[in-house]
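Heads up, the thing below is written out as C-alpha cells.
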Amino acid sequence: MKKRKCVLAAFLCVILALVPLALAGCGADAAKDYYTVKYVLNYDGGGERVVSLPSGAHAVSWRATRDDYDLGGWFTDPECTKKYDFSERVNSDRTLYAAWSVKPGMATVTFDFRVAGKANKTLVARKESKIGTKYVPDYKPFGMTLTGWYKDKDRTDEWNFDTDTVSGDITLYAGYDYTSAVERNPDGSVKYDN
C-alpha cells in the first residue's frame, strides 16, 4: 500500500509540474509562426498594404510610389520620427508609415479653409505653373459663400487662377461672405431659434 501511495504521489507531482508548461503555450505571449507587417502610405486616401511573414524573417522596404512625391523611407510612427531598421527580424506584428517629400521642381499648395474642424486640403503643383481650377476645393460652410482664395491671412491679395503661377510652397486662405438666408447675431455668428 505504501508503494502505491509513493507511485501515485510521484505521478501527481509530474502532472502538476507539466500543467504550467502546457498553460504557458496557450498564453497571449506565445510565439507565432507568422506575423503581419502593415505598410501605411500615410496620406489622405493612400491606403495600406498588409504582408504576412514567417517569424524571424526580414521585412522588405516596399518601394511604394505616389505622384509628384519621393518616398523618404519607412517609420514606426505616423509622424515619421523613428526610422524602421529593416535588418531587424520580424518577431511581432508591426505597422510601418511612409514618409514623403515633394519631388524637385514641384511645390505644395495648401488650401486653408479657416473653419474650425475642417482640415486643410493640400496638392502638389509644378513650379511656374498655374493651379487648375478643377483642383480648387469649393467648400460651403453653413450660412456662408466662398468668395475666393487669398495669398494672405487678412485676405487682401486674391489669388488669380487665370494668371498667378506657383513659385514655391504656398498657403491660400479662403474668403467667405455671409448669406442673407441665415439670420445672424450682431457679432456675425449664426442665430439659432433655440
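The values are calculated or read from the model by the stated rules, or taken from the named source; none is laboratory data. Since we're looking at a predicted model, the values are computed, not measured. Neighbour counts run over all protein chains shown; Cβ positions are idealised from the backbone, glycine included.
Observations on the structure shown:
- Residues in the stretch 11-43 that are at pLDDT 85 or above and either exposed (fewer than 10 other Cβ atoms within 10 Å of the Cβ) or under 30 Å from S101 (Cα atoms) (or both): 10 in all.
So that you can scan it fast, the table gives a plain yes or no per residue for (1) over 30 Å from K32 (Cα atoms); (2) buried (at least 17 other Cβ atoms within 10 Å of the Cβ):
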| residue | (1), (2) |
| --- | --- |
| V90 | no, yes |
| K121 | yes, no |
| V124 | yes, yes |
| T133 | yes, no |
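- Of the residues examined, A57 is not one that is small (G, A, S), modelled with pLDDT under 90 and farther than 17 Å from G73 by Cβ.
- A count restricted to the stretch 140-149 and to residues that are exposed (fewer than 14 other Cβ atoms within 10 Å of the Cβ) and of a type outside the set (V, I, T) stands at 2.
- Tallying residues that are more than 15 Å from D44 (Cα to Cα) and surrounded by 17 or more Cβ atoms within 10 Å (Cβ to Cβ) within the stretch 99-108 yields 2.
- Filtered residues of the stretch 151-194 (kept if more than 21 Å from I131 (Cα to Cα), out of contact with any strand residue (DSSP E or B) (no Cβ under 9 Å at 6 or more places or on another chain) and acidic (D, E)): D187, D193
- Of the residues making up the stretch 126-163, those that are touching a Phe, Trp or Tyr at 6+ places or on another chain (Cβ under 8 Å) and either on the phi > 0 side of the Ramachandran plot or in a strand (DSSP E or B) (or both) are G143, M144, T145, L146, T147, G148, W149, Y150, R155, E158.
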